[in-house]
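Have a look at the structure below before the remarks.
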Amino acid sequence: MIEIDGSYGEGGGQILRTALCLSAVTGKEFMINNIRQGKQNPGLKAEHLSCIKALKDLCNAEVEGDVIESKQLFFRPKSLQQRELNIDIGTAGSITLVLQSLAIPIILTNSKALITGGTDVMWSPSIDYFKNVIAPALNPLGKLDVALVRRGYFNKGGGIVEVKGERKEPESSIKQEIIITERIGKPMLFGVSHAAKPLASARVAERQADSAKKLFPNADIKTEYSNSLCLGSGISIFAKYDNCILGADNVGEKGIVAEKIGLLAAEKLKGEIDSNAPVDEHLADNLIPLLGICGGEIKASRISNHCLTNIYVAEKFLDVKFEVTKDKVVRAIKQKNQ
């Protein structure tokens, strides 16, 4: 059984999410201790239990310790099966963080999932970022369709997302290495600025977009208002090249004007563009499991603690060793015994 220290690195939920994903894919059982030890309120929360239950259903796993605030979990997977999942996080917990565990198994099993929770909340990728940046990056394994039904903000959540996986065939095709080390072409800039409908009179979505366009005047930023269960707003903007896409997002906060929310998102994207890297900081985190499965190398704008944490977990489950260079190139080297 693989043993994982949940306090490794930043000691957050990322370790658990990645372990669940790779355990389901490889069929290897694991035990994790000190779950979220680095957080103020350690142990399992609602969104983590949603990940565990969904992966349990996908691979008929035997599970121990799957209760709120548990700091230890045993996960013993069996074979992956095609499923139609209905997942209600029950809070404004992040749907995209749940998808960090589910995306690859859903693709490999041609499964579907209807997920209810937070679509645009702090400390997680926005649903637009997941749809436009993360999902397309998984194409070496197959296709992941992501459909936003309703946005969900903090603190009521209630956002709804539908996802559908389609595995690439034949299976041998997923063995092709991933190489993303340079940008090709000139960027097309686009995005979406959104808010709850009651904020339309204050033009919150338009003000966020207009502020972002001060840095990117040629960006095509659409505005929209949602029938969400509570007030909230956010913006996601992207730079699409011929072979890659960079993204940045930001969510509204009480006491911070819409103009600042939009400007901060634009400044994040400008930083990614100025780095000259083809993989932005957050995509690099999310690509580690895929890179471990397929092999290859990527060049990132920044190597975050989440990225290093995912490397730690991936090396536990996969016959691969990672190298991280001073130039922020992450290289996955398949081991000879694979």
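The values are calculated or read from the model by the stated rules, or taken from the named source; none is laboratory data. All of these numbers come straight from a predicted model, not from anything done at the bench. Note that we place each Cβ from the backbone using ideal geometry, even for glycine, and neighbour counts take in every protein chain shown.
Quick look at the numbers
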quantity: Filter result (in contact with a Cys (Cβ under 9 Å, 6 or more places away or on another chain) and of a type in the set (Ser, Thr, Tyr)) within region 55-95; calculated: Ser79
quantity: Test: residue in region 2-25 that is surrounded by fewer than 24 Cβ atoms within 10 Å (Cβ to Cβ) and farther than 24 Å from Asn305 by Cβ; calculated: no
quantity: Test for Ala205: is it of a type outside the set (Ser, Thr, Tyr), touching a Ser or Thr at 6+ places or on another chain (Cβ under 8 Å) and more than 30 Å from Val330 (Cα to Cα); calculated: yes
quantity: Failed item, numbered, when Lys143 is tested on (1) without any contact (Cβ under 8 Å) to a residue 40 or more places away in the chain; (2) surrounded by fewer than 14 Cβ atoms within 10 Å (Cβ to Cβ); (3) in contact with a helix residue (DSSP H, G or I) (Cβ under 9 Å, 6 or more places away or on another chain); calculated: (2)
quantity: Only listed residue being closer than 17 Å to Lys131 by Cβ and touching a Lys or Arg at 6+ places or on another chain (Cβ under 9 Å), chosen from Ala258, Ala248, Ala277, Ala266; calculated: Ala248
quantity: Filtered residues of region 52-68 (kept if surrounded by fewer than 18 Cβ atoms within 10 Å (Cβ to Cβ) and part of a loop (DSSP other than H, G, I, E, B)); calculated: Asn60, Gly65, Asp66, Val67, Ile68
quantity: Condition broken by Asn286, with the remaining ones in (1) outside the structural domain of Ser211 (by TED's automatic domain parsing); (2) part of a loop (DSSP other than H, G, I, E, B); (3) in contact (Cβ under 8 Å) with a residue 60 or more places away in the chain satisfied; calculated: (2)
quantity: Failed item, numbered, when Gly271 is tested on (1) crowded, with 23+ Cβ neighbours inside 10 Å; (2) over 21 Å from Pro140 (Cβ atoms); calculated: (1)
quantity: Output for region 35-73, where each listed residue is of a type in the set (Lys, Arg) and within 22 Å of the chain's Cα centre (by Cα); calculated: Arg36, Lys39, Lys45, Lys53, Lys56
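Okay, residues lined up against (1) within 20 Å of the chain's Cα centre (by Cα); (2) of a type in the set (D, E, K, R):
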residue: Lys254; (1), (2): no, yes
residue: Gly262; (1), (2): no, no
residue: Gly292; (1), (2): yes, no
residue: Lys316; (1), (2): no, yes
residue: Lys334; (1), (2): no, yes
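Conditions (1) among the polar types (S, T, N, Q); (2) at pLDDT below 95; (3) in a helix (DSSP H, G or I), marked per residue:
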| residue | (1), (2), (3) |
| --- | --- |
| Ser70 | yes, no, no |
| Gln100 | yes, no, yes |
| Gly117 | no, no, no |
| Phe130 | no, no, yes |
